[in-house]
Amino acid sequence: MARIAGVNIPANKRVEIALRYIHGIGPSKATEICEKVGIPRERRVNQLSDSEVLQIREAIDAGYTVEGDLRREVAVNIKRLMDMGCYRGLRHRRGLPVRGQRTHTNARTRKGPARPIAGKKK
């Protein structure tokens with residue numbers, strides 16, 4: 001099992017798919033990394049040599065913000081919005097949807113489980 005950017009990536013998957021287990025690397029970036037390093041798309045992680053794993057690790061360190069750094073950057077951006085007091089910051093602070101979704105119904109992911117209202121019938 002290879003360890004890249006502090007994440008154990010699965011050994012039996014294709015390299016392009018396994019790289020997506022790293023926070024901050026999606027389908028397009030995974031393909032881009034494989035092309036940059038020169039690894040064929042159908043190659044599996046357990047077939048990689050140590051030097052190829054090292055090349056992937058160096059490519060990610062050099063060109064991409066991933067894992068802890070990315071999480072920290074996102075948290076700082078959200079905190080900045082909240083400190084500024086802008087609309088998006090207020091929505092984050094109240095735990096409501098930020099991007100204009102309706103809240104009359106739905107929005108349960110952001111609002112949490114429904115709380116019953118005492119004395120309300122109908």
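The values are calculated or read from the model by the stated rules, or taken from the named source; none is laboratory data. Please read all numbers here as calculations on a predicted model, not as lab measurements. Backbone-built Cβ (ideal geometry, glycine too); neighbour counts: all protein chains shown. Ligands, DNA and RNA are stripped out before the accessible areas are found, and what is left, the full protein with its side chains, is counted by its heavy atoms. Shrake-Rupley method; radii C 1.70, N 1.55, O 1.52, S 1.80 Å.
Please report Rg over Rh for the stretch 34-96, where both radii come from the alpha carbon positions and Rh follows the Kirkwood definition.
1.29
Per-residue ellipticity at 222 nm for the chain, helices alone: DSSP H runs ≥ 4 residues times -39500 (n - 2.57), over residue total, nearest 500 deg cm²/dmol?
-14000 deg cm²/dmol
Looking at this model, which pairs from LYS29/LYS79; LYS13/LYS79; LYS79/LYS111 are more than 30 angstrom apart at the alpha-carbon?
LYS13/LYS79
For the chain, just the Cα set please: Rg and Dmax, both in angstrom.
20.9, 68
Once neighbouring chains are kept in place and the probe is 1.4 Å, which whole percent of the accessible area of the stretch 76-122 is contributed by carbon and sulfur? The partial results should precede the final answer.
Values: 2350 of 4340 Å².
Carbon and sulfur together cover 54 percent of it.
How do the peptides 95-101, 47-53 rank, highest first, by the average count of neighbouring beta carbon atoms within 10 Å per residue? Don't skip to the answer; put the middle values down first.
Values: 95-101: 11.1, 47-53: 12.9.
Packing order, densest peptide first, comes out as 47-53, 95-101.
Accessible area per residue, 1.4 Å probe, Å², for the stretch 1-104: what's the number?
Solvent-accessible surface per residue comes out at 65 Å².
Just need log10 I(q)/I(0) for the stretch 64-122 at q = 0.12, 0.25, 0.31 Å⁻¹, Debye formula, equal scatterers on the alpha-carbon atoms, no solvent, rounded to two decimals.
Summing over Cα pairs of the stretch 64-122 leads to -0.44, -1.02, -1.14.
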